[in-house]
C-alpha cells in the first residue's frame, strides 16, 4: 500500500500572513491539529500544530493582552524545518518515520506542491483496516513453530472448510523466539470446525479457556 | 379488547433453514411453541400469523440489487462470483430453495409485531423468528439474510414517527442494526455481547458511538469471555435503565439471542437460565416506565436448541404475559415428546443446577472489568454539567 492511497487530498492550509486566531478557529471548526502553511503557488513553506499555538498563546486564564498575541502572523511561530513524504512512499516506511521522528503529521509533497497530508490517526486507521476488524469475522490465533511451510499448512487447513480469509497477521512470539503467532480473521460466525481441525493437525490454537490465563 | 401480548408465529417460519447440519436450526421455534402450549401458557387466540415483507419494505434498508440476488440464489440462478459478493453461498449463509420468501417472512413477522404494538392491538409483541441482527444492507452475514430488526426500526420511524431504542443481548455484537442507524440520532442502539477479541463479528467496541448526527446514540458494552449471570445482568440493567432515561424512546425493540448460555457451542460466556428470566423482566419494566408498555421482542442466536433456547425463549413470553405460576418442572409431556429426538439429555427443571460449570478462576477481575467497560460506555450521558467536554 502506498501513501497516495491513504492520504487526505483536500488539505486545509493557511498562508504565513494569517493570524494565530485564524489558525485556532480553523482547527476548532475542522477538528484538526495540523495546518500546513503554503505560498500563493501552493508550495509548502511551514507547518503549525496545535502545540505550537498552545506554546505561543497566553494562558487561558489570562485575559488581558491575549488579543494582541493572537493577532500575530503564523510566520512568527510556524516550523520551517519539515519532514515531508511523497505520494509513492510505502505506508510501512512512513509509519516508521512517524515512530522514529515522533511527529504527528506528514505533509505530502509532489512537484514542489503540497498534494496531501497523513496524520498519526490515518496511519493508525490504516493499520486497523489491515487487520480486517472492520469486516464481520471471527479471530483465530495460532502459535506455530518459526520454520518454513507452517503458514501454508494452516491456510490449507482453513481452505478445506470453504471459508474466506480476510486477513493474516504474523508476528514473533514474544515469549519464545522459536515460535510465531498467526492472527487470522475468517469470514464466519462458526469457526468451531476449523479450530477443531487445526488442533487435530497439531496446531496450537490460542482461544478463551478456563485455565485462568487469557493472555 | 386490547391484549397484553401477542405471539407472532406460523409453521411457515420453519422454512428459514439452510440445511440439515447447519447450526441455525428453526426447530428451536417449534420446541419453544410446543413447550408453551404444553404448559397451557399459549392459547390459539394469542397467536398472530406473520405477513410477508414486501420488496418495498425490504428496500427500507436493503439494496434492490441485493434483494434480486437473494431471489436468484433461492432459485439456484446466482453465479458463484456474484453470490460471494453478496455473502451468499458461504458456509454461514448458503443458498437454499425459496430463501427470499423464507427470509422475507421473518422480516414480515417483526413488522406484524410492530404494527400490533403501535396500533394498540397489544402492549407487547413477541416474534421469535426475528432477531437477524447481522444482516447488512447489501450482504448476508452470520446466518442472517435480511435484517428484520433494521427494517422494522425504519418502518417504525416512517410509518409511526417513533423514536426507537434497540437493545441487543445476543452474545454476538448487533452489528447490522448498529451500522444501519449509525448516523441517525432518532434510533438508539445498545448491544451487550462477548468481546470481539475472538468472537464474531469482531466489532462492538465501546468507542463505536455513532457518526455525524448519530454520534452518541450507539452504545456497546463488550463483556469478557466467561462472564457470568450476575455481572452480565449488572451491566445490562444499569446500561438499559440509564440509556432509556436519557433517550426517552417511544418504543423498545429487544433482540433476545439465547447464546450467552454456558452450553452454547458458538460462544464463550457462562450464563445460565437465570439470565433469561431477568433480561425480559427488566425490558418489561422499562417499557412500562418510558414507553407506555410498547415493547417488541424478537429472537436471535441460540445454538443449543435443546437445553437452552426453548426455556430461554419461553421465559420472554411468560414475562410478557405476567405468567404467575411457579416455574419448577418442565411439563412431562414435552420432555417425553422431545427427548427421543434430542441428542442430549433435556433438562427437567426451569432452573439450571448450581454447579452447571466449574468455578471461573478470574471471576472477580472479569466482573470488575465488565463494570469498568460499562462505565466507559455510559460516560457521555453520565457527565455532569460542570465537567469539561473534551480530553486534550
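Some notes on this structure:
- Residues within region B:207-224 that are touching a residue at least 60 places away in the same chain (Cβ under 8 Å), within 14 Å of another protein chain (Cβ to nearest Cβ) and farther than 19 Å from residue B:150 by Cα, tallied: 3
- Taking the listed residues B:239, B:245, B:283, the one that is away from every other protein chain (no Cβ under 14 Å), surrounded by 24 or more Cβ atoms within 10 Å (Cβ to Cβ) and either modelled with pLDDT of 95 or more or within 26 Å of residue B:39 (Cβ to Cβ) (or both) is B:283, with no other qualifying.
- Residues in region B:158-177 that are in contact with a strand residue (DSSP E or B) (Cβ under 6 Å, 6 or more places away or on another chain) and either at positive phi or assigned to a helix (DSSP H, G or I) (or both): B:176, B:177.
- Residue that is more than 19 Å from residue B:175 (Cβ to Cβ) and within 14 Å of chain B (Cβ to nearest Cβ), where the choices are A:122, A:176, A:197: A:197
- Meets criteria (without any contact (Cβ under 8 Å) to a residue 12 or more places away in the chain, farther than 29 Å from residue B:268 by Cα and away from every other protein chain (no Cβ under 14 Å)) for residue B:112: no
- Residues that are under 23 Å from the mean Cα position of the chain (by Cα) and outside any loop (DSSP other than H, G, I, E, B) within region A:4-25 comprise A:4, A:5, A:6, A:8, listed in sequence order.
- Some residue of region B:144-157 being under 18 Å from the mean Cα position of the chain (by Cα), within 12 Å of chain A (Cβ to nearest Cβ) and either on the phi < 0 side of the Ramachandran plot or in a helix (DSSP H, G or I) (or both): yes
- Hits in region B:58-78 (condition: in contact with a helix residue (DSSP H, G or I) (Cβ under 9 Å, 6 or more places away or on another chain), free of Cβ contacts under 8 Å to residues at least 24 places away in the same chain and assigned to a loop (DSSP other than H, G, I, E, B)): B:59, B:75, B:77, B:78
- Verdict on residue A:70 being surrounded by 15 or more Cβ atoms within 10 Å (Cβ to Cβ), in contact with a strand residue (DSSP E or B) (Cβ under 8 Å, 6 or more places away or on another chain), free of Cβ contacts under 8 Å to residues at least 24 places away in the same chain and more than 14 Å from every other protein chain (Cβ to nearest Cβ): no
- In summary, residue A:109 fulfils each of the numbered conditions (1) out of contact with any helix residue (DSSP H, G or I) (no Cβ under 9 Å at 6 or more places or on another chain); (2) crowded, with 16+ Cβ neighbours inside 10 Å; (3) within 14 Å of chain B (Cβ to nearest Cβ); (4) in a strand (DSSP E or B) with the single exception of condition (3).
- Any hit, region B:8-17, residues being surrounded by fewer than 17 Cβ atoms within 10 Å (Cβ to Cβ) and in contact with a strand residue (DSSP E or B) (Cβ under 6 Å, 6 or more places away or on another chain): no
- If you go through region A:125-141 and keep only what is within 12 Å of chain B (Cβ to nearest Cβ) and either in contact (Cβ under 8 Å) with a residue 24 or more places away in the chain or part of a helix (DSSP H, G or I) (or both), you end up with A:128, A:131, A:132, A:133, A:135, A:136, A:137, A:138, A:139, A:140, A:141.
- Of the helices (runs of 4 or more DSSP H) that lie entirely inside region B:293-383, those containing 2 or more residues that are surrounded by fewer than 20 Cβ atoms within 10 Å (Cβ to Cβ), without any contact (Cβ under 8 Å) to a residue 60 or more places away in the chain and away from chain A (no Cβ under 14 Å) span B:332-339, B:363-382.
- Tally of residues being in contact (Cβ under 8 Å) with a residue 60 or more places away in the chain and under 12 Å from residue B:301 (Cβ atoms) across region B:131-157: 5
- Qualifying positions in region B:108-132 - in contact with a strand residue (DSSP E or B) (Cβ under 9 Å, 6 or more places away or on another chain), over 17 Å from residue B:313 (Cα atoms) and in a loop (DSSP other than H, G, I, E, B): B:121
- Unmet requirement for residue A:151, which otherwise passes all of (1) within 14 Å of chain B (Cβ to nearest Cβ); (2) touching a strand residue (DSSP E or B) at 6+ places or on another chain (Cβ under 7 Å); (3) not in a loop (DSSP other than H, G, I, E, B): (1)
- Filtered by the rule that a residue be within 12 Å of chain A (Cβ to nearest Cβ) and surrounded by fewer than 24 Cβ atoms within 10 Å (Cβ to Cβ), region B:158-197 gives B:179, B:195, B:196, B:197.
The values are calculated or read from the model by the stated rules, or taken from the named source; none is laboratory data. This one's a predicted model, so the numbers in the text were calculated from it and none came from an experiment. Cβ sites come from the backbone with ideal geometry, for glycine too, and all protein chains shown count toward neighbours.
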